[in-house]
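Quick notes on the structure that follows.
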Amino acid sequence: MTSGSFRADIAADPRIGIGSVLADLVARGEALDEPAIAFDSAVDGHPAGHPLSLRELDRAVAARSAALAAAVAPRDPVALHVSTAADQLLGYLALARLGAIPALLNRNLAAPVAAEYAA
């Protein structure tokens with residue numbers, strides 16, 4: 001469990017934003033292997049309901065960022081049209097880490113309609 005002062009330190013640090021928060025938390029080295037989040041679907045080799053630690057979450061985001069880096073530059077708007085909450089969160093964090101601008105699309109939109117919104 002993190003302390004109140006730890007949370008206050010993170011909240012007060014102007015260098016930390018959505019794109020860097022996981023890397024910054026990992027760099028601090030606190031509570032890296034404690035459960036941080038669980039999803040209702042399997043994601044990146046983790047079964048549904050399996051809690052990911054900060055370290056595992058950071059690795060998953062880093063892997064997605066690396067996969068996107070060749071095609072996505074800072075300030076690029078990128079539509080994110082995925083079917084699971086896990087993919088939405090990890091995709092959002094990966095795009096933010098790259099400095100891109102994630103545009104979340106409703107997963108219930110048919111692909112042609114989503115493409116119109118993204119165009």
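Values in this text are rule-based calculations from the coordinates and carry no lab data. Predicted model, so just to flag it, every value in this text is computed and none were measured. Cβ atoms come from the backbone with ideal geometry, glycine included; neighbour counts cover every protein chain shown.
For this structure, a couple of remarks:
- With contributions of -39500 (n - 2.57) from each DSSP H run of at least four residues, the per-residue ellipticity at 222 nm computed over the chain stands at -13500 deg cm²/dmol.
- Fewest neighbouring Cβ atoms within 10 Å first, the residues Asp9, Asp58, Asp40, Asp87 line up as Asp40, Asp9, Asp87, Asp58.
- Paramagnetic reach from Ala63 in the range 85-119 [backbone N under 17 Å; point 7 Å along Cα→Cβ]: 85-95
- If you wrap the range 4-118 in the convex hull of its Cα atoms and look at it from every side, the mean projected area works out to 8.1 nm².
- Sequence-separation-based contact order of the chain, relative, with Cα cut under 8 Å and 6+ spacing, percent: 22
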